[in-house]
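Reviewing the structure listed below.
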Amino acid sequence: MRHGTVNQFDKGSAFGFIKDDLTEKLYFVFYKSIKEDGYRELRVGQRVSYQLAQGKNGLQCVNVYLDNANNGEITL
């Protein structure tokens, strides 16, 4: 699994981009690739784990899971 940070996500269009930790490249992500129960969305700054797969226009994120450990949340 690769790791990265949500760089952008548009709820209305249901897609966004994840910045890869190692390469610092941005990869496309579609909401159907998010492996969470219920309403699926990502927030800018969230940490995620994912795999890359070839899409119509290049590599894109699939099997996206939220990294639950301090996922952009401020804890006091």
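The values are calculated or read from the model by the stated rules, or taken from the named source; none is laboratory data. All values derive from a computational prediction rather than experimental measurement. So basically every Cβ, Gly included, is an ideal-geometry build from the backbone, and we count neighbours across all protein chains shown. Surface areas here come from the heavy atoms of the whole protein model, side chains and all, with no ligands, DNA or RNA. Shrake-Rupley method; radii C 1.70, N 1.55, O 1.52, S 1.80 Å.
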(Q) Looking only at the range 6-20, count every residue that is surrounded by fewer than 16 Cβ atoms within 10 Å (Cβ to Cβ) and either acidic (Asp, Glu) or under 21 Å from residue 68 (Cα atoms) (or both) and tell me the total. (A) 4
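Select from the range 53-76 the residues that are under 11 Å from the mean Cα position of the chain (by Cα), open to solvent by less than 70 Å² (accessible area, probe 1.4 Å) and on the phi < 0 side of the Ramachandran plot and write down the one among them that is modelled with the lowest pLDDT. Lay out the reasoning, then the answer.
Going through the range 53-76, the residues under 11 Å from the mean Cα position of the chain (by Cα) turn out to be 60-67.
So of that shortlist, the ones also open to solvent by less than 70 Å² (accessible area, probe 1.4 Å) come out as 60-64, 66-67.
Going one step further and asking which of them are on the phi < 0 side of the Ramachandran plot, we end up with 60-62, 64, 66-67.
Working: 60: 97, 61: 97, 62: 97, 64: 97, 66: 93, 67: 90.
Among them, the one singled out is 67.
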Q) Of everything in the range 21-47 that's farther than 13 Å from residue 8 by Cβ and β-branched (Val, Ile, Thr), which residue is least open to solvent (accessible area, probe 1.4 Å)? A) 34
Q | Scan of the range 19-52 for residues that are in contact with a Ser or Thr (Cβ under 7 Å, 6 or more places away or on another chain) and either of a type in the set (Asp, Glu) or not in a loop (DSSP other than H, G, I, E, B) (or both), ordered by number | A | 19, 47
